[in-house]
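The values are calculated or read from the model by the stated rules, or taken from the named source; none is laboratory data. If you're wondering where the values come from, they're calculated on a predicted model, not measured in any experiment. Please note: Cβ atoms are built from the backbone with ideal geometry, for glycine as well, and neighbour counts cover all protein chains shown. What goes into the accessible areas is simple: the full protein's heavy atoms, side chains included, and nothing from ligands, DNA or RNA. Shrake-Rupley method; radii C 1.70, N 1.55, O 1.52, S 1.80 Å.
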Amino acid sequence: MADRSAAGYDRSVLADDSSAPEGARGPAPQHAPGDAPHHIPAPPYVHRQTVGGLGVVGIRPLDAEADADVVHGWVREERAAFWGMNGLTRDQVADIYAHMDGLDTHHAFLVELDGVPVALFQTYEPAADRVGDCYEVAAGDLGIHLLLAPAGARGARSGWSSALMGVLASYVLLGLDRPRVVVDPDVRNEKAIARFLRQGFEAGPVVTLPEIDLPDVYLPEKKARLAFLRREVAFPA
């Protein structure tokens, strides 16, 4: 299987507010008859923040194996087509994130609302990613990708994705002390681009991310719209 874990999928996926937190979960892990589920404690949160009217949002490192069922349930849906994992199996998804866990420049997180998984969040160093070939990377830049979970049985909550973006901005720009966030959604992903701009991102150029064709990595060429969020814009003095 080609290893696509370092970068290349369009992981800047932001659906509309129908992708929201009400009980959003992936499919339950499957166990053989008679087997007791093996519960592994989740990694501790790296950031927790209370959002009025919604609950407590927590960001924790993704556990590639323990969280594979949830993540695979999200990425295999047609609504997540720009994420680029529609055709992968559960084990392939686990392998990708296990590989990412060993990288110093790319990191994956599971976002939870009151303990319920609601989003997949990734960060990366632009200088170590192919996007770094397409713009002048400034000191402290950090790239992000976001995939929201599908809405649960009780439906969506208005304003959820905007509130979540605010939490992620707080974590990256304040918690990690980064001056600027960069995103590179597929130019066809108009919903994601519009939402980033409403969130205060400044539109950047349309660029072509180069194809990568190596023995263990194949990433097709991608036309992307860059956008940037500066700390002073998100959190004015």
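Going by the structure shown, is Ala156 surrounded by fewer than 16 Cβ atoms within 10 Å (Cβ to Cβ) and either aliphatic (A, V, I, L, M) or modelled with pLDDT of 95 or more (or both)? So Ala156 fails the test. Taken together, the residues in segment 198-216 that are in contact with a Phe, Trp or Tyr (Cβ under 9 Å, 6 or more places away or on another chain) and either hydroxyl-bearing (Ser, Thr, Tyr) or modelled with pLDDT of 95 or more (or both) amount to 6.
Conditions (1) crowded, with 18+ Cβ neighbours inside 10 Å; (2) in contact (Cβ under 8 Å) with a residue 12 or more places away in the chain; (3) farther than 23 Å from Ala81 by Cα; (4) of a type in the set (Gly, Ala, Ser), marked per residue:
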position	(1), (2), (3), (4)
Phe121	yes, yes, no, no
Asp133	no, yes, yes, no
Gly140	no, yes, yes, yes
Gly143	yes, yes, no, yes
Leu209	yes, yes, no, no
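Just one of the listed residues (Leu176, Leu168) is in contact (Cβ under 8 Å) with a residue 60 or more places away in the chain, within 21 Å of His106 (Cβ to Cβ) and not small (Gly, Ala, Ser), namely Leu168.
The set of residues from segment 51-75 being open to solvent by 30 Å² or more (accessible area, probe 1.4 Å) and modelled with pLDDT under 95 comprises Gly52, Gly53. The residue pairs whose first member lies in segment 217-237 and is modelled with pLDDT under 90 and hydroxyl-bearing (Ser, Thr, Tyr), whose second member is surrounded by fewer than 18 Cβ atoms within 10 Å (Cβ to Cβ) and not in a helix (DSSP H, G or I), and whose beta carbons are closer than 9 Å, counting only pairs six or more residues apart or on different chains, are Tyr218/Ala2; Tyr218/Asp3; Tyr218/Glu211; Tyr218/Ile212. Taking the conditions (1) in a loop (DSSP other than H, G, I, E, B); (2) within 18 Å of the chain's Cα centre (by Cα); (3) at pLDDT 95 or above; (4) not acidic (Asp, Glu) in turn, Val137 satisfies each one other than (2).
Ala203 meets the stated requirement of being open to solvent by 20 Å² or more (accessible area, probe 1.4 Å) and assigned to a strand (DSSP E or B). Applying the set (1) modelled with pLDDT under 90; (2) surrounded by fewer than 15 Cβ atoms within 10 Å (Cβ to Cβ); (3) not acidic (Asp, Glu) to Arg48 leaves exactly one unmet item: (1).
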